[in-house]
Amino acid sequence: MKIGFFPGCSLEGSSREYNESLQAIAPLLDVELIEVPDWNCCGATAAHSLNHTLALALPARILALAEKAGMDELVVPCSACFSRLASTRHELRQNEALRRAIATCIEIEYTGRTKIVNVLELLLRCAANGLKEKVRQPFAHKVACYYGCYLTRPAEITTCQRAEDPQEMDDLMKLVGAEPLDWAFKVECCGAGLSVSRTETVAELSGRIVEDAVYRGAEALIVACPMCHTNLDLRRGAIERRRQAKYAVPVLYVSQVVGLALGLSEREVGLHRHHVPVRFAAPAARPGTGVPQAGHRLEAGATEQAVGAGQHRLEAGATEQKEE
């Protein structure tokens, strides 16, 4: 399957492990990602909060370039970028005069033909084409699937069937051997673009998410958004200071989990780039055999000491810096 691909700024910078894992699993799933030529930033949060014309023109140029390249569909892994592109397409398809004005602004004809696809839609298509049969090392862990704001809202541009209790990522995790948990914060806001300007707000909002996931017994948080990953992973220190507790639960991109289940190494999917170390206990042995149960076993890591329900204190040396 060939499909257009818009990586966006984050996947080439702060969230390069997301891109690395997607590029690693694509050939294993018989997917060819064709990057949009000469793409630009989608505008992210800044543009649409400051200038509506700019907020439409930036995504429209990307979409127009995809059209020009003959792409019928465009997969957009970053959920914030997905929201901006899908919202722009929806608005311009509803307003012909505005579409013409934006086309004039970007100096490229744009018709709205190219459809926007998020990463869950792409992976679920792969699931329908035999993903489960390709699993070599089931990801046998309890996970909290965190969708955030952009994958389920607004309803006019998303494909999730249940905005307040989406199941698409949960279904995907089941296919690769994980156990998705029922929890309360799967679509709550993590603080998004306030990570730098209002870090304390992010620490409060993301702290609630991490705390609930750990309380429910999650061994990992699963995300599909670079900003969500930044707030839950990079801002873990701020979260712990805010809540006066330590949380060792790691945050993985959905593509990283799929990659591990397909047999890729930790480095191939970029786990070494995370701030919160990705480590799990060794799988329990099958009764009477001494042989570990099937499931993904990450290398031995930091020792943890329980200090309360779902809270952990990492011993000295457990924290790792994100590698370049």
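Where does each of 99-106, 78-85 land if you order them by average Cβ count within 10 Å, highest first?
In descending order of packing, they fall as 78-85, 99-106.
Using a 7 Å offset from Cα along Cα-Cβ at Trp39, what residues in region 78-115 end up with backbone N under 17 Å from the label point?
78-89, 113-115
At what distance in nm do the modelled label points of Ala184 and Leu28 sit from each other, each positioned 7 Å from its Cα along Cα→Cβ?
3.6 nm
By average Cβ neighbour count within 10 Å, what is the ranking of 1-9, 221-229 from highest down?
Going from most to least packed, we get 221-229, 1-9.
What FRET efficiency, computed as 1/(1 + (r/R0)^6) with R0 = 41 Å and r the Cβ-Cβ distance, is obtained for Ser265 and Arg216, rounded to the nearest 0.05?
Step by step, r from the Cβ atoms, then E = 0.90.
Neighbour counts of other C-beta atoms within 10 Å: give me Met71, Met173 arranged from fewest to most.
By the 10 Å Cβ count, ascending: Met71, Met173.
Would you mind calculating the gained length between Lys115 and Thr201 on full extension (0.36 nm times residue separation, minus the Cα-Cα distance), in nm to one decimal?
Between Lys115 and Thr201, full extension yields an extra 27.5 nm.
No lab work stands behind these numbers, since they all come straight from the coordinates. Predicted model, so just to flag it, every value in this text is computed and none were measured. Because the Cβ atoms are built from the backbone with ideal geometry, glycine has one as well, and the counts that use them run over all protein chains shown.
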